[in-house]
Structures are given as C-alpha cells and as structure tokens.
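Accompanying notes for the structure given below.
The values are calculated or read from the model by the stated rules, or taken from the named source; none is laboratory data. All figures in this text were calculated on a predicted structure; none of them were measured in a lab. Heads up, the Cβs are rebuilt from the backbone with ideal geometry, glycines too, and the neighbour counts pull from every protein chain shown. Calculation scope for accessible area: heavy atoms of the full protein, side chains included, ligands and nucleic acids excluded. Shrake-Rupley method; radii C 1.70, N 1.55, O 1.52, S 1.80 Å.
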Amino acid sequence: MNLRSPEKTFSLRLRYMHAEQLCTVIDVEDREELVRIKNFVTDPVFCAFGRNEHSTYKDYEAFLESRCFPPTRDKMKIMLRELNLPFYDPFMIIEKTEGRMAEDNFWIRIER
C-alpha cells in the first residue's frame with residue numbers, strides 16, 4: 001500500500017485519524033461537490049467510508065454528520081452556544097470539536 005499522501009488539488013483536505021494513525025485522506029471541492037479519498041489502512045472499520053472506495057458528496061455529508069451530535073439532540077441549542085455556533089452545521093461543528101466523540105479515538109484534522 002502506498003503510504004504517501006496524494007497531491008492536494010482540491011481546496012479542502014480532511015485527515016481522518018485514529019489516535020495518531022492516519023486512516024483516510026478526504027479531498028473535497030465543495031463548489032463542484034467532488035470528493036476523492038485515499039485510505040491508508042486496509043481494515044474497513046478504520047476507513048472513513050468503510051468499504052466504499054468511490055464516495056460521493058452525499059457520502060461525505062453523511063460522514064460529517066456521523067462525527068457530530070445529532071441535530072435532534074436534547075439541549076442542542078445549549079451545545080451550539082457553548083461551541084459559539086449560530087446554527088447546526090456539521091462542518092462547523094467538526095471545526096470546533098475535531099469530530100471527536102466520547103466513544104472512540106477517531107478525530108479529523110482539517111486543512112485548507
């Protein structure tokens with residue numbers, strides 16, 4: 001498996017990490033709704049999109065939401081206020097929380 005990161009050609013790059021291990025590089029071009037991924041692990045449990053090697057923009061949006069508290073969560077407005085966010089937006093939440101969840105060691109590094 002080639003462990004070098006692909007050349008960055010899209011405006012946004014997310015590095016999906018497990019502790020300090022790079023699992024998946026996700027390159028995104030929001031305007032055109034384009035997504036390219038490169039997995040650095042073979043176990044689909046550690047890949048951002050599981051076994052899906054050809055992720056769509058909808059898959060990317062679902063992935064972002066999966067790394068946030070749900071929009072229907074009780075006291076969501078209080079949580080948004082604590083994050084200093086005006087409304088629920090998964091990307092903005094991940095910018096603040098790095099997509100960290102209490103139940104696992106995955107997180108996301110955002111590069112522009």
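Miscellaneous remarks
- Solvent exposure ordering (accessible area, 1.4 Å, most first) of 96, 58, 38, 8: 58, 96, 8, 38
- The residues neighbouring residue 88, those whose beta-carbon lies less than 15 Å from its own, together hold a net charge of 0 under the Lys/Arg +1, Asp/Glu -1 convention.
- Distance from the Cα centroid of the stretch 19-83 to that of the stretch 87-110 is 9 Å (rounded to whole angstrom).
- Apolar share of the accessible surface for the chain: 49 percent from carbon plus sulfur atoms, 1.4 Å probe.
- With a cut-off of 19 Å on the backbone N, the residues of the stretch 88-112 near the modelled label site 7 Å out from residue 76 along Cα-Cβ are 88-102.
- Given charges at Cβ of Lys, Arg, Asp, Glu: the chain dipole, positive-most of 39, 50, 78: 78
- For the chain, the longest principal axis of the Cα atoms and the long axis of helix 57-66 meet at an angle of about 50 degrees.
- A simple spin-label model places pseudo-atoms 7 Å from Cα toward Cβ; at residue 84 and residue 7 they are separated by 3.8 nm.
- Residue among 94, 26, 78 with the largest mean-square fluctuation in a Gaussian network model of the chain, springs linking Cα atoms under 10 Å: 78
- Solvent-accessible area per residue for the stretch 1-84 (1.4 angstrom probe, square angstrom): 65 Å²
- Dimensionless Rg ratio for the chain, taking C-alpha atoms and the 2.2 N^0.38 Å reference: 1.08
- Fully extended contour minus Cα-Cα distance, from residue 65 to residue 18, at 0.36 nm per residue: 15.2 nm
- Full-stretch length increase - residue 36, residue 103 - with 0.36 nm per residue and alpha-carbon distance subtracted: 21.4 nm
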